[in-house]
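All remarks here apply to the structure that follows.
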Amino acid sequence: MRKLTDFWETGLFGTPKYKGNPVLLHQHTDAKMNFTIEQEHFGRWLNLWFETIDSLFVGAKAERAKQAARKMATGQYLAIWNARPRVEET
């Protein structure tokens, strides 16, 4: 939980707390799960994120947090998908 908090504080407020590589972490998790992470999982996460933001915050920073999450979800899924082993067609 601490790493997630540090990640979002760094991204949203410019606080240089987070050190790590979220792309590699998500790719590793996808591989451990036999490449089963799909867009719908990120969609569910986005819905939870938006519900939480909307229930607790209003204003420009809240909208920035939601926009950042949209970009993050898209970028992470594309990074996962691009890292997957390709099955050669015969």
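No lab work stands behind these numbers, since they all come straight from the coordinates. Keep in mind it's a predicted model, so treat the numbers as computed, not measured. As a convention, Cβ positions derive from the backbone with ideal geometry for all residues, glycine included, and neighbour counts pool all protein chains shown.
Numbers for the structure displayed
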item	result
Sum of -39500 (n - 2.57) over DSSP H runs of 4+, divided by residues of the chain (222 nm, nearest 500)	-24000 deg cm²/dmol
All-pairs Cα distance distribution in region 1-70, expressed in whole percent, bin size 10 Å	18, 43, 34, 6
Value of relative contact order over the chain, rounded to a whole percent, pairs C-alpha under 8 Å and six or more apart	31
Sites matching trypsin sites (Lys or Arg not before Pro) across region 13-61 that sit in DSSP coil, with at most 12 neighbouring C-beta atoms within 10 Å	Lys19
Using alpha-carbon coordinates, inclination of helix 2-13 to the longest axis of the chain, degrees	60
Cα long-axis angle, helix 60-83 against the chain (0 to 90 degrees, to the nearest 10)	10
Within the chain, longest stretch clear of exposed GluC sites (Glu not before Pro) (DSSP loop, no more than 13 other Cβ within 10 Å)	39-87
Euclidean distance of C-alpha centroids, region 41-83 and region 1-17, integer Å	14
Base-10 log of normalised Debye intensity for region 46-90 (one unit scatterer per alpha-carbon) at q = 0.34 Å⁻¹	-1.13
In degrees, nearest ten, helix 22-32 long axis to first principal axis of the chain (Cα)	40
